[in-house]
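Asker: One structure coming up, written as structure tokens, with questions to follow.
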């Protein structure tokens, strides 16, 4: 306990010191919804029906985006007290990151140079992309878990996911198939929907029922499900799939490792916080030179700090044999330490004055 108290005090002191550097203000930024957000169905009733079935293609950007949207809209009633227009929903971080990966062309086929350099948008998600494979195990299990718990209500038609024959064995396309292969992942994904469905109405706001939801609990379940998907997807696709460069592959690994520190701190996953953090995500796949020599001149200071930050954090954790993350997780049991850690993370990656010192 002595070491834990010491580390907790250190985090709090660092957080207080760094808070003298103001972070970006949401009112100063123009946050955007994912590409084609207004053009994809937001209710199950709006999904196209063929032969008495609803077929969704997880390799079509629009269909995968619609899965995020269905979850966001169906869970909106549980987040009324956390922000207007569902902006407090804990699924926004994953949804916005999905859109960011698409907009930065990380879902394209890395081996197709002409497609990568094309100015035309392509709604196809390449099965060869490492990022697309990892992302598959972030959203698809959540969506299948929601279907299993009847989170979208009683459906008039069965929903089926359209499989691709290419690399068929690397993916699962139904709840049963995924559960048999990855029971720990699906068990984790079910928890957030089970928790939300167990909530009770405690009051009303202008006719809207207010549920007794705890945002800390929801964020914890969301990040736990996210990490469960990463744990399945990362080893599957880090070596077998393609990336635009060795630098992009190394950045992907280090970024996902660093995200574990954010998850342990229960980093806020609403629209504002998700948008702010993703503003520092590189606007294009990084080159090996970007990551290991000198970032390109087209990468801004925020993007450069993210590249440096995730590399340092991941390297230190690797050198420590994972002890750094283990200690961090123990510290994050304390609500005070989590709040301090969240402030520390925001300041390091989002503070203009701090970044100007790097």
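Asker: At 222 nm, what value in deg cm²/dmol follows for the chain if DSSP H runs of at least 4 each add -39500 (n - 2.57) and the sum is divided by all its residues, to the nearest 500?
Answerer: For the chain, the value works out to -17000 deg cm²/dmol.
Asker: What is the spin-label model distance, in nm, from residue 180 to residue 198 if the labels are put 7 Å beyond Cα along the C-beta direction?
Answerer: Between residue 180 and residue 198, the label points sit 2.9 nm apart.
Asker: Evaluate the distance, in nm, between pseudo-label points positioned 7 Å from the Cα of residue 32 and of residue 87 along their respective Cα→Cβ axes.
Answerer: The modelled label-to-label distance comes out at 1.9 nm.
Asker: Another question, if that's okay. Of the peptides 173-183, 212-222, how do they stack up when ordered by the mean number of other Cβ atoms within 10 Å, highest first?
Answerer: Most protected by this proxy first, the peptides run 212-222, 173-183.
Asker: Stretched out fully, how many nm does the piece from residue 43 to residue 150 gain, at 0.36 nm a residue minus the Cα gap?
Answerer: Net length gain for the segment: 37.2 nm.
Asker: How big is the Cα convex hull of region 35-242 in projection, averaged over all directions, in nm²?
Answerer: In nm², the orientation-averaged hull projection of region 35-242 is 12.2.
Asker: Could you work out which residue, out of 84, 146, 337, moves most in a Gaussian network model of the chain, that is, has the largest mean-square fluctuation with Cα springs under 10 Å?
Answerer: Comparing 84, 146, 337 in a Gaussian network model of the chain, the most mobile one is 84.
Asker: So if we plug the beta-carbon distance of residue 123 and residue 217 into 1/(1 + (r/R0)^6) with R0 = 22 Å, what FRET efficiency do we get, rounded to 0.05?
Answerer: In this case the efficiency is close to 0.05.
Asker: Now for a different question. Give the Rg/Rh ratio for region 229-282, taking Rg as the radius of gyration of the Cα atoms and Rh as the Kirkwood radius, to two decimals.
Answerer: 1.01
Asker: Using all alpha carbons of the chain, what is the percent of pairwise distances in each 20 Å bin, ordered from the shortest bin to the longest?
Answerer: Each 20 Å bin holds this share of Cα pairs: 28, 60, 12, 0.
Asker: Extension gain residue 53-residue 166, at 0.36 nm per residue separation less the Cα-Cα distance, in nm?
Answerer: On the way: separation 113, 0.36 × 113 = 40.68 nm, distance 2.32 nm.
Answer, rounded to one decimal: 38.4 nm.
Asker: Can you compute the modelled spin-label distance between residue 289 and residue 327, with each label point 7 Å from Cα toward Cβ, in nm?
Answerer: That separation, rounded to one decimal, is 3.8 nm.
Read-outs: derived from the displayed coordinates by stated rules, not from any lab. The structure presented is a predicted model; accordingly, all values stated were derived computationally and were not measured. Virtual Cβ from ideal backbone geometry, glycine too; neighbours counted across all protein chains shown.
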